[in-house]
1. Give me the base-10 log of I(q)/I(0) for segment 29-233 at each q in 0.17, 0.18 Å⁻¹, Debye formula, one uniform scatterer per Cα, rounded to two decimals.
2. List the pairs from K49/K143; K85/K119; K107/K141; K49/K165; K146/K196 whose alpha-carbon separation is above 24 Å, in the order I gave them.
3. Roughly how many whole Å is it from the C-alpha centroid of segment 58-97 to that of segment 216-235?
4. If the cut-off is 15 Å between C-alpha atoms, which aspartates and glutamates fall inside it for K144, apart from same-chain ones fewer than 8 positions away?
5. Ranked highest first by average number of other Cβ atoms within 10 Å, how do 68-78, 102-112 line up?
6. Place a +1 charge on the Cβ of each Lys and Arg in segment 29-233 and a -1 charge on the Cβ of each Asp and Glu, then give the dipole magnitude about the Cα centre in debye, rounded to the nearest 20.
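Please treat every number below as a calculation from the coordinates, not as lab data. Note that the structure is a prediction, hence the values are computed from the model and not measured. Quick reminder, even Gly has a Cβ in these numbers, built from the backbone with ideal geometry, and neighbours come from all protein chains shown.
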Amino acid sequence: MMPKYLFITLLIFSLTFGVLGFLHAETPFVDPDIPSGETITYTSRTDDKLMTITESVVLKRDGDREIYEITSRSESLDRTIRLAKGTLAILSVHTVRKYPDATLDSKLTVIDEKPHSSKDEIILADFSLQKYILRGFPFEKLKKLKIGFYGDKSKKKFPFNVNYKGKEKLTVNQKIVECYKLETGMDGFWGTFVPKTEMWYSVESPHHLVRYEGPSGPPGTPRRIIEQATYTVTQ
């Protein structure tokens, strides 16, 4: 039988370091538990141009942590994203952009990152990844989430936010899908110049992206609509 003083010591140690560990890793996101082998195809429309996007997820282990490795492929862009399972923190992004007159290869790796424990704000290393990370949005529990960017000293002047807009039912391939709707944009005066982006995620776990409507690039570029075509999981 364990001595009473040893039990109390272990209990205090567990509570103290357990709470500290939780605070260190605190994040507003909830792990959506994306299954390894998930594959989603999307149709993308920008003006009259149609394109197919295929995205697949593999759950991997990197040392003592699990990661989501997401691969997205289309005729204009290939991208491999690595996110930490649990927090959905960005670990690395490898992007290949394919243009008619050039192919551009870029890599982003997060070497270190200070803990960020705010429950209503996130800092992104790559804004283009928000549609993946927002699968972990705490739907129905959080109404608004502030978005910041590393190295951006003007975030107080240009507040970027994600707003939870409730539930909506979409018809996708003749099937009704109940979705959570999120809207991203800027508050105040600048919000009138920056187009809103709308995203719908399935209410059913693992909350995959069903539809996206937003600018295809900087302000002034055509609006882009991305919609789920198929969803499968292979073991």
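1. -1.42, -1.62
2. Over 24 Å Cα-Cα: K49/K143; K107/K141; K49/K165.
3. Distance between centres, Cα-based: 17 Å.
4. Cα-Cα hits under 15 Å: D120, E121, E183, D187, E198.
5. Packing order, densest peptide first, comes out as 68-78, 102-112.
6. Values: 33 positive and 29 negative charges, 109 e Å.
With only Lys, Arg, Asp and Glu charged at Cβ, the dipole is about 520 debye.
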